[in-house]
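No lab work stands behind these numbers, since they all come straight from the coordinates. Note that this is a predicted model, so its numbers are computed, not measured. Because the Cβ atoms are built from the backbone with ideal geometry, glycine has one as well, and the counts that use them run over all protein chains shown.
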Amino acid sequence: MFFKRKNKKQPEAAVSADEIIRTEQNPGPADQPPADSEPVADEPAAVVTEAASEPAQAEKLGFFLRIKKGLSRTSSSLSSGLANLLLGKKEIDEELLEEIETLLLTADIGIDATSEIIDELTASIERKQLTNGDAVYQALQTHLANLLIPVERPLEIDTAKKPYVILVVGVNGVGKTTTIGKLAKYLMGSGKKVVLAAGDTFRAAAVEQLQIWGERNQVPVVAQHTGADSASVIFDAIQSAQSRGADVVIADTAGRLHNKSNLMEELAKVKRVMAKLDDSAPHEVLLVLDAGTGQNALNQAEQFKSAVGVSGLVLTKLDGTARGGIIFALSKRYNIPVRFIGVGESAEDLQPFSAQAFIDALFDR
C-alpha cells in the first residue's frame with residue numbers, strides 16, 4: 001500500500017502583540033509568593049508499602065508518579081487521543097495519518113516535529129514495517145522519545161568555577177522567582193552552598209517573594225531597594241558569594257517582553273557587569289518558559305537566545321495545561337538542553353528532565 005500525503009500546510013499558531021501584553025500584565029499564579037505550607041499530593045499507600053524496604057525504588061516510583069500526575073492533562077489530550085485513534089485498528093490509511101497529524105498539532109508539538117514524525121510513519125508503513133494501529137502507536141512513542149533524548153542534558157555545576165553563576169530570565173508570569181526558590185532547594189539537597197540575588201528590582205513583590213524562599217531554605221538573599229540597578233544587585237551577590245565561599249549564585253531578573261530591545265539590552269548589561277568579577281560568568285543562562293503559552297514559547301526562546309545566549313530551559317506549569325507538547329517543538333527547533341520541568345506547586349515538583357521518564361509518564365507505561 002502506498003500513501004502520498006496531501007501537500008497540506010498547517011499554519012503555526014499566530015501570537016499577537018496584544019496577547020503577549022496580556023500575559024505580561026496578568027502573571028500566572030506561579031509568580032505569587034509561596035504559601036507558608038505547600039500541599040504535596042498523597043501517593044498511593046500500596047506504593048509506599050511496597051517500596052518501604054527499598055529506598056531507591058521508592059524514590060524512583062515517587063519521581064514517576066509525580067511526573068505522571070503533572071502531565072495528566074497533556075496525557076489525556078495526546079496519548080489518550082492517540083490510543084483511541086490507533087489501538088485495535090487493523091488497517092492504516094491516509095485519513096488515519098491525517099487524524100494523527102491533527103492531534104499532534106493540536107497538542108502543540110509543532111509543524112516541524114509533526115511533519116518529521118508523519119513522514120517517518122508513512123515511510124515505515126510503505127515498507128510494511130508497521131501493519132496495524134497498535135504498531136503505529138508504539139512507533140509514535142519511539143519517535144517522540146527520539147525528539148527529546150538530544151535535549152536531556154542535566155544541569156551540572158562546574159566546581160572549578162566558584163561561585164557558579166546561574167542567570168534566570170523570562171517574561172512575566174512564567175514562574176521565574178518560584179523556580180529559583182525550588183532550584184535553590186534542589187541544589188542544597190546535593191550539598192551546594194547557595195546565594196540568591198534579587199535582581200528583579202522592578203516588581204515590588206519580587207524581592208519579598210525571593211526573601212520568603214530564602215528564609216524557608218535558609219539561603220542568604222542579596223537585595224536592594226525597588227528600582228535599584230539590577231546589575232549592581234547581582235554584582236553585590238557575586239561578591240557576597242565569593243566572601244562566603246558559596247558554590248552557586250542564582251540571580252533573578254525582571255520579567256520582560258521578549259520583543260522589547262531596550263529591556264533585552266539590560267540583560268546584556270547584567271552579563272557585562274558580571275564579567276568584571278568573573279569573565280566566564282554567567283556560567284548558565286536558564287530561560288523559564290510557561291508550557292501553557294504554546295507556540296509563543298518558541299518566539300520567546302528565539303529572542304532570549306539571540307539576546308543573552310540561553311544555555312538551558314526550565315519548562316513550568318506542565319500540570320496546568322493540556323498543551324505540554326510544546327517541549328517537542330522546542331527540542332526540534334532549537335535543541336537547547338531542557339534542565340528541569342515543573343509539574344506542580346511544591347518544591348519537589350521541580351524535576352530534572354528525563355526524556356524516557358517524560359514519555360513513560362505521558363503514555364502511562
Please list, in order along region 167-179, the HN-Hα scalar couplings obtained from phi with the Karplus expression 6.51 cos²θ - 1.76 cosθ + 1.60 (θ = phi - 60°), rounded to whole Hz, x for Gly and Pro.
9, 9, 10, x, 7, 4, x, 8, x, 4, 5, 4, 4
Long-range Cα-Cα pairs in region 169-261 (distance over 24 Å), rounded percent
14
Inter-label distance, nm, simple model (7 Å from Cα along the C-beta direction), Lys276/Asp119
5.0
Sorted from largest down, give the three principal axis spans of the alpha carbons of region 301-360, whole angstrom values.
31, 22, 19
Residues with amide H under 5 Å from that of Gly312, placed H, sequence gap 5 or more:
Val285, Leu287
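Where does each of 104-110, 329-335, 189-195 land if you order them by average Cβ count within 10 Å, highest first? Display every interim value, and only then the final one.
Values: 104-110: 23.7, 329-335: 20.1, 189-195: 15.6.
So the peptides 104-110, 329-335, 189-195, ranked by packing, come out 104-110, 329-335, 189-195.
At 0.36 nm per residue, minus the direct Cα-Cα distance, what do Glu265 and Asn146 gain on full extension? Give it in nm, one decimal, please. Intermediate results must be reported in sequence, preceding the final value.
Details: separation 119, 0.36 × 119 = 42.84 nm, distance 3.59 nm.
Additional length available on full extension: 39.3 nm.
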Estimated FRET transfer efficiency when R0 is 25 angstrom, pair Asp134-Asp360 (beta carbons, to 0.05)
0.90
From the phi angles alone, apply the Karplus equation (6.51, -1.76, 1.60; θ = phi - 60°) to region 296-307 and give each ³J(HN,Hα) in whole Hz, x where the residue is Gly or Pro.
4, 4, 5, 4, 4, 4, 4, 5, 5, 4, 5, 7
Starting from the amide H of Arg153, placed 1.01 Å from N in the peptide plane, find each other amide H under 5 Å away whose residue is 5 or more places distant or on another chain.
Val338
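What's the exposure ranking of Lys271, Lys182, going from fewest to most Cβ atoms within 10 Å?
Taking fewest neighbouring Cβ atoms as first place, the list is Lys271, Lys182.
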For Val165, list long-range residues whose amide hydrogen, built 1.01 Å from N in the peptide plane, is under 5 Å from its own amide hydrogen.
Val249, His283, Glu284
Under 14 Å from the Met188 label point (7 Å along Cα→beta-carbon), backbone N, region 338-365
347-348
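Only four residue types carry charge here, +1 at the Cβ of Lys and Arg and -1 at the Cβ of Asp and Glu. Report the dipole size of region 300-353 about the Cα centre in Debye, rounded to the nearest 20. Walk me through the intermediate numbers first.
Values: 6 positive and 5 negative charges, 72 e Å.
Magnitude of the dipole: close to 340 debye.
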A correct Karplus calculation of ³J(HN,Hα) over region 351-364, with 6.51 cos²θ - 1.76 cosθ + 1.60, θ = phi - 60°, whole Hz and x for Gly and Pro, returns 10, x, 7, 10, 4, 5, 5, 4, 5, 4, 5, 5, 9, 6
Within region 251-313, DSSP-loop GluC sites (Glu not before Pro) with at most 10 other C-beta atoms within 10 Å are none
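Counting other beta carbons within 10 Å of each Cβ, put Ser76, Ser115 in order, fewest first.
Values: Ser76 11, Ser115 17.
In order of increasing Cβ crowding within 10 Å: Ser76, Ser115.
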If I take the Cα coordinates of region 67-161 and project them onto the principal axes, what are the three extents in Å, biggest first?
57, 30, 21
